[in-house]
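The values are calculated or read from the model by the stated rules, or taken from the named source; none is laboratory data. Keep in mind the model is a prediction, meaning the values are calculated, not measured. So basically every Cβ, Gly included, is an ideal-geometry build from the backbone, and we count neighbours across all protein chains shown.
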Amino acid sequence: MSVIHTALWVSNLEATKAFYMDTLGFEHQLDFEWPTDAEDSVTNYYVGRGNVAELQFRYDPSRMAAIEPSGIDHIAIAVEEVDAEFDRIVEETGCPVVTEPVNISPANNRVAFIEDPDGYVVELVEDLG
């Protein structure tokens, strides 16, 4: 068994697509409305990056409940150079910073944590090995 995708409710599909595709380099994989025979269908929009499991963005323009990223601690994304990517992303998007770049010696990684447009935490991970 393997993880195929993680589904995230989003409040603004265009802003989320811009963050993950334009800023983080994910590519569109698939999209569809489900259920197809219902008046209140939900947009399902999938993105991927290399051999990383896909992210599925679920968007319902009539959704009244606020997006709560509860239960998801973070999404980890591999990058070549954390410091450069962190600076670029924060400058381009103005996204909230959770943790500035720091070394995690036991994992032999350098990491930084930022938030996406709905408050999901994204970890940028550089392998120092």
Checklist entry - For residue 73, all conditions in the list (1) among the acidic types (Asp, Glu); (2) in a loop (DSSP other than H, G, I, E, B); (3) farther than 19 Å from residue 123 by Cα hold save one; what is the number of the exception? => result (3)
Item to check | Answer residue from the stretch 18-57, given it is among the small types (Gly, Ala, Ser) and assigned to a strand (DSSP E or B) and is surrounded by the fewest Cβ atoms within 10 Å (Cβ to Cβ) among those | outcome: 53
Next on the checklist: Being acidic (Asp, Glu), within 26 Å of residue 3 (Cα to Cα) and within 14 Å of the chain's Cα centre (by Cα) narrows it down to one residue among 127, 60, 22; which is it?
Outcome noted: 22
Checklist entry - Residues of the stretch 63-101 being β-branched (Val, Ile, Thr), exposed (fewer than 15 other Cβ atoms within 10 Å of the Cβ) and more than 19 Å from residue 6 (Cβ to Cβ), which ones? => result 97, 99
Checklist entry - Quick one: what pairs do we get from the stretch 34-55, first residue in the same structural domain as residue 76 (by TED's automatic domain parsing), second in a strand (DSSP E or B), C-beta under 9 Å, 6+ apart or different chains? => result none
